[in-house]
1. Out of the residues in region 31-52 meeting the condition of being away from the ligand (no atom under 13 Å from the Cβ) and surrounded by fewer than 21 Cβ atoms within 10 Å (Cβ to Cβ), tell me which one is farthest from PHE152 (Cα to Cα).
2. If a residue has to be farther than 19 Å from GLU231 by Cα and surrounded by 14 or more Cβ atoms within 10 Å (Cβ to Cβ) to count, how many in region 168-182 make the cut?
3. Looking at this structure, is ILE84 over 28 Å from SER151 (Cβ atoms), outside any loop (DSSP other than H, G, I, E, B) and of a type in the set (A, V, I, L, M)?
4. Considering only residues of region 129-159 that are without any contact (Cβ under 8 Å) to a residue 60 or more places away in the chain and assigned to a helix (DSSP H, G or I), which is nearest to SER173 (Cα to Cα)?
5. Of (1) assigned to a helix (DSSP H, G or I); (2) free of Cβ contacts under 8 Å to residues at least 60 places away in the same chain; (3) more than 14 Å from the ligand (Cβ to nearest atom); (4) crowded, with 21+ Cβ neighbours inside 10 Å, PHE55 satisfies all except one. Which?
6. Being buried (at least 16 other Cβ atoms within 10 Å of the Cβ), of a type in the set (A, V, I, L, M, F, W, C) and farther than 22 Å from GLY234 by Cβ is true for just one of PHE116, PHE131. Which residue is that?
7. For region 63-87, how many residues are of a type outside the set (Phe, Trp, Tyr) and away from the ligand (no atom under 12 Å from the Cβ)?
8. Which one of the conditions (1) crowded, with 16+ Cβ neighbours inside 10 Å; (2) over 18 Å from the mean Cα position of the chain (by Cα); (3) of a type in the set (Lys, Arg) does LYS228 fail to meet, given that it meets all the rest?
Amino acid sequence: MLSKKLLRAKRVKNDEFYTRYEDVKAECDNYRSHFFNKIIYCNCDTADSAFVRYFRELKAKGLIRDVWFSGGLGGADFRSSESIERLKQADLIITNPPFSLFREFMDLLIKYDKTFLVIGNKNAVAYRNLFTQIKNNKIWFGVRRWTGGMSFVTSDNSIKDVPAIWFTNLEHSFHPAPLRLKKSFNHLEYEQYENADAININRTTDIPNDYCGVMGVPISFLEKYNSKQFEILGLDKDFTYDKGAGIVNGQRIYTRIFIRKSPCE
Ligand SMILES: C[S@@+](CC[C@H](N)C(=O)[O-])C[C@H]1O[C@@H](n2cnc3c(N)ncnc32)[C@H](O)[C@@H]1O
């Protein structure tokens with residue numbers, strides 16, 4: 001087992017991933033109209049970050065009002081009063097925060113009701129506060145697709161692939177179209193959870209087109225989620241009788257999101 005010290009070192013090392021300029025540009029270019037005349041705060045960035053470079057270019061072209069960043073050598077802690085003051089004053093928060101503090105980072109954005117565009121791990125969708133906002137259609141995902149994750153530059157200049165996605169509450173025009181569901185429900189193919197009144201779905205493409213009850217789907221469903229087609233009801237632990245992960249065939253299965261077709265006749 002790893003000692004606490006080693007675990008912490010590993011976590012800090014996992015935080016030192018730098019976003020590539022092309023990834024920042026490919027995503028941020030979709031929101032240019034939102035940026036006009038705005039102050040952008042990159043609160044986990046030094047002067048050489050791809051985010052700061054990108055926004056300095058926009059500033060030079062008169063396309064944003066200003067870009068602020070947290071500063072040299074890691075800069076101001078995003079939780080410090082100094083940084084929170086800037087966060088309150090800025091119009092938009094745009095960055096790739098440390099993965100190990102992502103939960104706290106999102107809590108802060110939600111608390112101060114900020115408009116943002118940030119990178120996080122796919123699995124972070126199950127963080128309670130973040131999940132509630134996604135469920136209520138207050139937070140959604142960026143334009144970039146989920147498959148393949150994203151590549152980042154590490155502190156020793158190698159490339160690391162991470163299952164990362166963009167989270168935002170900025171409007172964009174690439175919301176998923178309703179899924180075209182081909183399968184119909186039958187009792188033999190679709191298994192019931194042993195600890196919840198719902199059926200288990202292992203792949204989004206297997207969602208039946210004629211089932212009105214509760215369905216447990218993998219996290220990756222969210223990439224295809226269209227709020228006119230489905231209603232998000234909760235996480236697995238909100239639905240299971242024992243408040244744990246779903247059980248199918250005697251086995252606990254990986255995190256599921258519980259949904260229902262909307263409307264359903
Ligand atoms: C995943 S890296 C991304 C860096 C940069 N935003 C980018 O996209 O290239 C997260 C950065 O946050 C910095 N960091 C770690 N803890 C922080 C904190 N409490 N407040 C602000 N920045 C922090 C780390 O030093 C690291 O450079």
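The values are calculated or read from the model by the stated rules, or taken from the named source; none is laboratory data. Owing to the predicted nature of the structure, the values given are computational and were not obtained by experimental measurement. Neighbour counts are summed over all protein chains in view; Cβ atoms, including those assigned to glycine, are modelled from backbone coordinates with ideal geometry.
1. ASN37
2. 3
3. Here the answer is yes, as ILE84 does meet what is asked.
4. Out of the qualifying residues, it is GLN133.
5. For PHE55, the exception is condition (3).
6. Just one listed residue meets the conditions, PHE116.
7. Total satisfying the criteria: 7.
8. Failed condition: (1).
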